[in-house]
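Report on the following structure.
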Amino acid sequence: MLPLLLASSSPYRRELLGRLRLSFTCASPDIDESRLADEPAETLVKRLAEHKARALAASHPGHLIIGSDQVAVLGEQILGKPHTFDKACTQLLEASGTSVTFLTGLALLNSATGHCQVDCVPFTVEMRELDLATIQRYLHAEEPYDCAGSFKAEGLGVSLFKSTHGPDATSLVGLPLIRLVDMLLQEGVEI
């Protein structure tokens, strides 16, 4: 098996990949993650996932490189990482009582052959009706300012949900393991 490299510095993705009990290393790709003009959300996450993997190909020849990127979408609006309490509060107020769809782009690049598999895995969260006090209490407790959509699904953020729908719950955290296993099997990795 070729060495496995996770093109990410995310502790969430690292923890998820560890569930597969495969040996892997991590490296952070240095790429511009800006959205192109009028770029649809699905196109954006697929492009960035592949770009992250390809950015490390020259420095990691003979590797299977995993790239992933995620956005949260509310209606037609892409919700980025809020970075601040006020922005997170605004995002959660807008999401209250609605559906937020998380689109996770996934790429697996064989840097020895150049073969790259790319996909997008959707996952939808139906949000509870949230009042300002509930949102502020949550934000002070968990500080999810580095998370798209302003919550951590693997933590207390689940208390904000009414229901969830999608083919792979791990995609909500940022690395769709079911689809990744399919890709790894196509590269001959035994799991």
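Within the stretch 50-90, how many residues are in a helix (DSSP H, G or I) and either surrounded by fewer than 16 Cβ atoms within 10 Å (Cβ to Cβ) or of a type in the set (D, E, K, R) (or both)? I'd like the intermediate steps shown before the answer.
In the first step, residues of the stretch 50-90 are kept if they are in a helix (DSSP H, G or I); the result is 50-55, 85-90.
With either surrounded by fewer than 16 Cβ atoms within 10 Å (Cβ to Cβ) or of a type in the set (D, E, K, R) (or both) added as a condition, the list becomes 50, 52, 54, 85-87, 90.
Total meeting the criteria: 7.
Could you tell me which numbered condition Ile31 fails, if it satisfies all but one of (1) within 25 Å of Ile78 (Cβ to Cβ); (2) out of contact with any Lys or Arg (no Cβ under 7 Å at 6 or more places or on another chain); (3) among the hydrophobic types (A, V, I, L, M, F, W, C)?
Result: Ile31 passes all but (2).
Table: residues versus (1) of a type outside the set (S, T, N, Q); (2) within 21 Å of Ser171 (Cβ to Cβ); (3) in contact with a strand residue (DSSP E or B) (Cβ under 9 Å, 6 or more places away or on another chain).
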| site | (1), (2), (3) |
| --- | --- |
| Ala27 | yes, no, yes |
| Glu42 | yes, yes, yes |
| Arg47 | yes, yes, yes |
| Phe85 | yes, no, no |
| Leu92 | yes, yes, yes |
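Mind checking which residues of the stretch 171-182 are surrounded by fewer than 21 Cβ atoms within 10 Å (Cβ to Cβ) and either assigned to a loop (DSSP other than H, G, I, E, B) or not basic (Lys, Arg) (or both)?
To start, the set of residues in the stretch 171-182 that are surrounded by fewer than 21 Cβ atoms within 10 Å (Cβ to Cβ) comprises 177-179, 181-182.
Matches in the stretch 171-182: Leu177, Ile178, Val181, Asp182.
May I ask you to verify whether Leu103 is within 30 Å of Leu2 (Cβ to Cβ) and aliphatic (A, V, I, L, M)? Show your work before the answer.
Values: within 30 Å of Leu2 (Cβ to Cβ): yes; aliphatic (A, V, I, L, M): yes.
Against the criterion (within 30 Å of Leu2 (Cβ to Cβ) and aliphatic (A, V, I, L, M)), Leu103 qualifies.
Against the definition (within 28 Å of Gln136 (Cβ to Cβ) and at pLDDT 95 or above), how does Leu108 come out, yes or no? Let's see the steps before the verdict.
Numbers: within 28 Å of Gln136 (Cβ to Cβ): no; at pLDDT 95 or above: yes.
No.
Looking only at the stretch 27-40, filter to residues that are touching a Leu at 6+ places or on another chain (Cβ under 8 Å) and either part of a loop (DSSP other than H, G, I, E, B) or modelled with pLDDT under 95 (or both); which one of those is surrounded by the fewest Cβ atoms within 10 Å (Cβ to Cβ)?
Start the filter on the stretch 27-40 by keeping residues that are touching a Leu at 6+ places or on another chain (Cβ under 8 Å), which leaves 27, 29, 31, 33, 35-36.
Checking which are either part of a loop (DSSP other than H, G, I, E, B) or modelled with pLDDT under 95 (or both) leaves us with 29, 31, 33, 35-36.
Working: Pro29: 19, Ile31: 15, Glu33: 12, Arg35: 15, Leu36: 9.
Among those residues, the one meeting the criterion is Leu36.
Considering only the stretch 97-129, how many residues are without any contact (Cβ under 8 Å) to a residue 40 or more places away in the chain and within 20 Å of the chain's Cα centre (by Cα)?
Counting residues in the stretch 97-129 that are without any contact (Cβ under 8 Å) to a residue 40 or more places away in the chain and within 20 Å of the chain's Cα centre (by Cα) gives 4.
Kindly indicate whether Thr43 is hydroxyl-bearing (Ser, Thr, Tyr) and assigned to a strand (DSSP E or B). Explain how you work it out, then say what you get.
On the way: hydroxyl-bearing (Ser, Thr, Tyr): yes; assigned to a strand (DSSP E or B): no.
So Thr43 does not fit the description; no.
Sort out which residues of the stretch 8-26 are among the polar types (S, T, N, Q) and assigned to a strand (DSSP E or B), and write them in order of number.
Step one: of the stretch 8-26, the residues among the polar types (S, T, N, Q) are 8-10, 23, 25.
The answer is Thr25, and nothing else.
Can you pull out the residues in the stretch 121-176 that are more than 17 Å from Ser99 (Cβ to Cβ), of a type in the set (Lys, Arg) and at pLDDT 95 or above?
Arg137
The values are calculated or read from the model by the stated rules, or taken from the named source; none is laboratory data. Since we're looking at a predicted model, the values are computed, not measured. Glycine also receives a Cβ, built like all others from the backbone with ideal geometry; neighbour counts cover every protein chain displayed.
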